[in-house]
Amino acid sequence: MEEKKKLPAKLMRDSRAVKSSFVLPSDTNTHRTLFGGKLMSYIDDIAAISATKHARTYTVTASTDSVDFLHPIKEGYTVNLESIVTWTHKTSMEVFVKIFAENLLEGTKVICATSFLTFVALDKEGKPTIVPEVIPETREELFLHNTAPTRAETRQNRRKESERFAKEFGVVKPS
């Protein structure tokens, strides 16, 4: 990766993305709640939007820390996602996604899931490229930003473990 001069930092709020969708019968499982895989697709999509807004270049998903399903999202409700870049490293960005369900007829909302993902910025040749730092402003942004280094360390340890598993259980070449 070619070394570049430091880019000007950007406000976290400038990477915010919001997405809402009705939960239709074709989106649900036998319990008439949103398929987990469908939600995971929405999460990756909106996180990619935030990462790209922040980096203003191509981005790819490097990892999903977790998707913690807290409450089911019922058919007929809306699923609402909000994402924001919370922290950056040299070429990578941590994106937080908050998911809630809304019963539009009653006007009630509940947090249904949260997720952290990591994206890497790529230049036109597909090589990792420098990303700007983020500037938190609100209490929520400060909390997410200040707790990010601990998540980054956990992520690095988990990646080492994944590499160990891949080496142990990887494809065996025929003799």
Name the residue that is surrounded by the most Cβ atoms within 10 Å (Cβ to Cβ), counting only residues in region 64-95 that are touching a residue at least 40 places away in the same chain (Cβ under 8 Å), under 19 Å from ALA48 (Cα atoms) and polar (S, T, N, Q).
SER83
Among the numbered criteria (1) touching a helix residue (DSSP H, G or I) at 6+ places or on another chain (Cβ under 8 Å); (2) over 17 Å from ALA17 (Cα atoms); (3) aromatic (Phe, Trp, Tyr), which one does PHE169 miss?
(1)
Name the residues in region 134-156 that are over 16 Å from the mean Cα position of the chain (by Cα) and surrounded by 15 or more Cβ atoms within 10 Å (Cβ to Cβ), would you?
PRO136
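Residue by residue, here is whether (1) closer than 27 Å to GLU153 by Cβ; (2) aliphatic (A, V, I, L, M) holds:
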| residue | (1), (2) |
| --- | --- |
| SER21 | no, no |
| GLY36 | no, no |
| ILE46 | yes, yes |
| ARG56 | no, no |
| VAL79 | no, yes |
Any residue in region 107-126 that is farther than 30 Å from SER26 by Cα, modelled with pLDDT of 95 or more, buried (at least 18 other Cβ atoms within 10 Å of the Cβ) and not aliphatic (A, V, I, L, M)?
no
If THR30 satisfies every condition in (1) more than 25 Å from LYS109 (Cα to Cα); (2) part of a loop (DSSP other than H, G, I, E, B); (3) free of Cβ contacts under 8 Å to residues at least 40 places away in the same chain; (4) not aliphatic (A, V, I, L, M) but one, which is the exception?
(1)
Verdict on ILE73 being closer than 20 Å to VAL18 by Cα, touching a Cys at 6+ places or on another chain (Cβ under 6 Å) and aliphatic (A, V, I, L, M)
yes
Which of the residues belonging to region 105-150 are over 10 Å from THR86 (Cβ atoms), in contact (Cβ under 8 Å) with a residue 60 or more places away in the chain and in a helix (DSSP H, G or I)?
PRO149
In region 43-101, the residues that are in contact with a Ser or Thr (Cβ under 9 Å, 6 or more places away or on another chain), of a type in the set (Gly, Ala, Ser) and either more than 22 Å from THR147 (Cβ to Cβ) or not in a strand (DSSP E or B) (or both)
ALA47, ALA48, SER50, ALA51, ALA55, ALA101
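The values are calculated or read from the model by the stated rules, or taken from the named source; none is laboratory data. Computed from a predicted model, the values in this text were never measured in an experiment. Here Cβ is always computed from backbone atoms with ideal geometry, including for glycine, and neighbour counts include all displayed protein chains.
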